[in-house]
Amino acid sequence: MKQSKRQARDRNRQARKQSGGAGQAATGPFCPSCGTPAQPDARFCHHCGAALGARPAPKRWNAPTVVLYSVIVLGVVVVAAGVIFMPGENPGIAPPPSAPAAPSAATGQPDIANMSPREAADRLFNRVVMASEQDNIDEALEFAPMAIQAYERVARLDADAHYHMGLIYEVMGELENVRNQVAIMKQYAPDHLLGLILEHNAAEREGNSFGAARAAAAFAAAYDAEIRAGRPEYDAHRKTIESFRADNGSQ
């Protein structure tokens, strides 16, 4: 047995000498049993069948190395994503949306969620009047019932609010309701100038020229005294009052 192993080693040594040290590099390791040069990547000797030795174990990654590489890869991905999605660099990507703006008076319903009931009602009143003055009757009629309901939710209505409601009813063509608001305003003052304007307009729309002339005459007679009374609604609607006075020749 010892002689066989010695003979194998001798053959192995002799083969290496003959190959000049290049045989192993060219053909692979020698068989440890019989000394025969092995075929490249062979696991067993093709001559005697002996195992040529275990293959080197694959490289293992320890936990710290895995974590380090994961952090590096994640950082590269984040930086790349930031470059791609920067709004200033890529016009095809829209910037994050800003907070929604309140609807404009020309395109959407007034934003009345955070207003008092009276402020909300006045805002809707302005919307109705503006649409009516621009001959946008559909829009005026759309918001008119909403404005009336808003005023009905106000706890205490003054003469100014009743004048607003009278104008809204006038836009809606509900002249009986216009006269109802006039009657309420006359309880504040029998010759209330804004009430007389509403009375005149309702009579004109009904084709009642006598009633319109009577209201205009009452307005002219009460003008000086009522202006001296300094009612707040007169200051708020002074342009309307002076325009009516000029149109009806009562200066």
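The values are calculated or read from the model by the stated rules, or taken from the named source; none is laboratory data. Computed from a predicted structure; not experimentally measured. Because the Cβ atoms are built from the backbone with ideal geometry, glycine has one as well, and the counts that use them run over all protein chains shown. Heads up: the accessible areas ignore ligands, DNA and RNA and are worked out on the full protein's heavy atoms, side chains in. Shrake-Rupley method; radii C 1.70, N 1.55, O 1.52, S 1.80 Å.
Laid out as a table, the results:
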{"quantity": "Whole-number Å³ per residue for the convex hull built on Cα positions in region 203-251", "calculated": "79 Å³"}
{"quantity": "Projected area, mean over directions - region 176-238, Cα convex hull, nm²", "calculated": "4.1 nm²"}
{"quantity": "For region 141-205, the spread of Cα positions along each principal axis, largest first, Å", "calculated": "30, 29, 14"}
{"quantity": "Carbon/sulfur fraction of accessible area - region 143-251, other protein chains in place, 1.4 Å, %", "calculated": "47 percent"}
{"quantity": "Calculated P(r) tail over 15 Å for region 123-175, as whole % of Cα pairs", "calculated": "37 percent"}
{"quantity": "Viscosity 1.002 mPa s, 20 °C: Kirkwood-radius Stokes-Einstein D of region 104-251 over Cα pairs, µm²/s", "calculated": "136 µm²/s"}
{"quantity": "Sites residue 210 and residue 155, calculated FRET efficiency, Cβ-Cβ separation with R0 35 Å, nearest 0.05", "calculated": "0.35"}
{"quantity": "Peptide ranges 158-166, 232-240, 174-182 listed from the most packed, as the mean C-beta count within 10 angstrom indicates", "calculated": "158-166, 174-182, 232-240"}
